[in-house]
Amino acid sequence: MNLFASKDDVIRWLGELLKEHVVIAPVRVQEQTTFQPISQVEDVVFDFNNTALSPKGWFLPPTETLFSVQRDDGKVELVPTKVERDAVIFGLHPCDARGIALMDSPFLQEPSDALYRERRSRTALIGLACRQAQPECFCTSMGSAPDDPSNVDILLTEGEDGYIVQAVTEKGKALLPKGLAEYKGKVPAPPKLEAVPTKEVVSAMRELFNDPYWEQVADRCLHCNICAYVCPTCYCFDMRDYADKGKVERVRSWESCQSPGFSLTAGGYDPRTTKGERLRQRFCHKLLYFPEQFQDVACVGCGRCVRDCPVNIDIREVISNLKQVTEAKSGS
Amino acid sequence: MDKELIQQIRDKARNLLKEGTVEGVIGYERASDDLTSRPLFAYSPSDTERLIFDETCAHNLVKYLLDKKGKKIAVVVKPCDSRAINLLLNEGQIERDNVFIIGVGCPGMVETNWNHKSETLQAKCRTCQLFKPVVYDFLAGGEIERQAEEETYSDITEEEAKSVATRREFWLEQFGRCIRCYACRQVCPGCYCPVCFAERLDPLWVGIRIAPEENDMWQTIRSFHLAGRCIGCNECERVCPVDIPLSLLNRKLEKDVKELFAFQAGLDPEEAPPFATFKKEEVMEFEK
Amino acid sequence: MKSAYEPKVIGFLCNWCSYAGADMAGTSRMRYPQNIRIIRVPCSGRVDPLFVVKCFQRGADGVLVSGCHPGDCHYTEGNYYTRRRFALLREFLDYLGIAKERLRVEWVSASEGQKFAELLSDFTAELAGLGPRSKI
């Protein structure tokens, strides 16, 4: 059953949620929209294209202390980081919600990541269906859709004079404000998106591993980490122990397979030294290794990497090119 | 788009590849948005048909010469980019004989993002006084005449007039947004250390924390390593995904280097850079 | 009662002049503030701006870089490079919000124990006046 909430209802509801929860919502920072814990409901932006960074940072923060070890009076104590409060992520688009669902595969598989698991179970997701697609969007080719309710607890769809509210899970139902009227009208149709031949390429990826295509497309790659850091599904990290005056902290930070030191091993050997090898790793992880391990393609089609790549390495174009390479191979 | 200019670039590139003068030509092609541009690596004469040049060709392609050391390569350069060639020659990173420079006069580049092209010139282009590359083998499209504002560093002097505490707050806020994607480093033609100080593990100069204090260390040293070396292409600021105003750092150093040492990077491939030389008789402020 | 603020100072002193100058101050029993932690370097030209920025990042209130007087460098010209480098770094750190008074560059010869002691008293007093650096 769909419910209806006016924009004022939604704002009041967010105000209520803010009393008991950390509310992470899209806000304006400089010229950009980005997800941040809010202090007041007035800051929330309702009308936005995909945010600068995805909301994955709530579950896998750019930097966090996993635990610290303290020495006090000869006693050594391990202090794990605690998740203090329940949280709500408000306004995430279906693609971003799918990104979080995909991150669950590696992080919740046993042995699961304690901090991730804790944050995940204590966070509710309130999605916002996309009424408009951007030219870089291709979620329908990556197992999602602009109105996909499958990875959120509640899905809002903007209608005339307000929002159509769909409680997807029990967790979502419990969060709903009381007294919302039933909505009997039609739910507006989602925007149409162009298709990318994902399936064909995923099944051919093993054969493409040694193709010269990788070196060609990597020629212009700068090997910055932008694509990985804006991606809702890239989850690689680095860890380091920080020691200072009787206290040691184990810190985890984002890291990317594109950066020069990523695959360097002790002793100095680096299995991925060329630009092509490094760029191939990005696409193979998304289109080959992740599907082999977890059955899903590790891309949600949010288009952030397309939007932000300084040299226009467009994953949709890469997939199309790979399809051509495959066809040329099988043809000859 | 200047069709005549593009034809000249294509013809030159095609001939260079046909004659075997170079192995590859680095230029620009249309991006996947059909509006802006991106780097193109042309290895066969037929590839050269994709070459273009217009007001969206912001990338400084000189950076890629560092990936192609020892190979004969032709590269399309704008006037500001050409200063990077002098920088790399000056620092012994590339050999003049290996590079064929296809220079283009520059009408100024506009602000672009993927699928967005504005009418506004980039800030660096509004005050740029170079209309012709400082070094080239072939000049496509001939010389360009245009008027540019004078570089006054007004935004820098405005910052300088603020209190130290205000500036500290401002920069920590800016650096606080940094996600350490290192795009600023990766795009910079002056950043080519085999192992960047940010990647050294022992001693660990910059930690892995993506947090204001460590970002501050990264950005301070990154920009200072480019003191007297930054050629002002402003690519770092353009690619920054979180819009940190890096030109305020680079141009501050450029201004001070001009004032203190009367030096500008990339204008002369022979002139000693400011930190590789000195004058015995000079007196610095702290000595007074 | 809260103890008075004691600024932390890191000093990079060149082996040939300034370190010997500091030694001279010590052996001559001159009094100077104990706020400085001295790091001996072969030449003031050895001091990478990175060292200085790292000191500030790790919580130093002031940094002193000290070497032979221009013309007296043990390696003939090391300190001429130092002079240029830190003239620019002082301006740049100031611009980033670390007051340039916090980075001192001074020429102290092996015989200038007195100068070294006075310089440190002066520097420490100045830093105390500036107060602690705002914590990030």
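Residue count for region A:272-310, restricted to those that are closer than 22 Å to A:S259 by Cα, of a type in the set (V, I, T) and buried (at least 20 other Cβ atoms within 10 Å of the Cβ): 1. When each of A:V76, A:V29, A:V45, A:V22 is tested for being out of contact with any Leu (no Cβ under 9 Å at 6 or more places or on another chain), under 20 Å from A:E158 (Cα atoms) and among the β-branched types (V, I, T), the lone residue that passes is A:V45. Could you tell me whether any residue of region A:82-94 is modelled with pLDDT under 95, under 22 Å from A:V300 (Cα atoms) and not β-branched (V, I, T)? No, there is no match, as no residue in region A:82-94 is modelled with pLDDT under 95, under 22 Å from A:V300 (Cα atoms) and not β-branched (V, I, T). Count of region C:1-44 residues, restricted to those that are without any contact (Cβ under 8 Å) to a residue 24 or more places away in the chain and of a type in the set (S, T, N, Q), is 2. Tallying residues that are more than 27 Å from B:K162 (Cα to Cα) and more than 7 Å from every other protein chain (Cβ to nearest Cβ) within region C:78-91 yields 3. Scanning region B:1-54 for residues that are assigned to a helix (DSSP H, G or I), closer than 13 Å to B:A74 by Cβ and among the charged types (D, E, K, R) gives B:R10, B:D11, B:K12, B:R14, B:K18, B:E19, B:D47. Restricted to region A:19-56, and to residues there that are buried (at least 19 other Cβ atoms within 10 Å of the Cβ) and part of a helix (DSSP H, G or I), the residue that is farthest from the other protein chains (Cβ to nearest Cβ) is A:P55.
For every residue, the table says whether it meets (1) surrounded by fewer than 23 Cβ atoms within 10 Å (Cβ to Cβ); (2) touching a residue at least 60 places away in the same chain (Cβ under 8 Å); (3) more than 7 Å from chain B (Cβ to nearest Cβ); (4) within 30 Å of B:W218 (Cβ to Cβ).
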| position | (1), (2), (3), (4) |
| --- | --- |
| C:G62 | no, yes, yes, yes |
| C:L93 | no, no, yes, yes |
| C:S111 | yes, yes, yes, no |
| C:F116 | no, yes, yes, no |
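Yes/no per residue for (1) touching an Asp or Glu at 6+ places or on another chain (Cβ under 8 Å); (2) assigned by TED's automatic domain parsing to the domain that holds B:D216:
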| site | (1), (2) |
| --- | --- |
| B:C80 | no, no |
| B:N90 | yes, no |
| B:I102 | yes, no |
| B:S118 | yes, no |
| B:L121 | yes, no |
| B:V135 | no, no |
| B:A165 | no, yes |
| B:C178 | no, yes |
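A Cβ distance below 9 Å, combined with a sequence gap of six or more or placement on separate chains, defines the contacts here; from region B:147-172, residues that are touching a residue at least 40 places away in the same chain (Cβ under 8 Å) and among the basic types (K, R) reach no residue that is assigned to a helix (DSSP H, G or I) and surrounded by 14 or more Cβ atoms within 10 Å (Cβ to Cβ).
Of all residues in region B:108-150 being touching a helix residue (DSSP H, G or I) at 6+ places or on another chain (Cβ under 8 Å) and on the phi > 0 side of the Ramachandran plot, which is nearest to the other protein chains (Cβ to nearest Cβ)? Of everything passing the filter in region B:108-150, B:N115 is nearest to the other protein chains (Cβ to nearest Cβ).
Identify the residue in region B:197-210 that is touching a residue at least 12 places away in the same chain (Cβ under 8 Å) and within 10 Å of chain A (Cβ to nearest Cβ) and, among all such residues, is nearest to A:Q30 (Cα to Cα). Selected residue: B:I210.
The values are calculated or read from the model by the stated rules, or taken from the named source; none is laboratory data. These figures come from a predicted structure and were not determined experimentally. Reconstructed Cβ throughout: ideal geometry from the backbone, glycine too, with neighbour counts over all protein chains shown.
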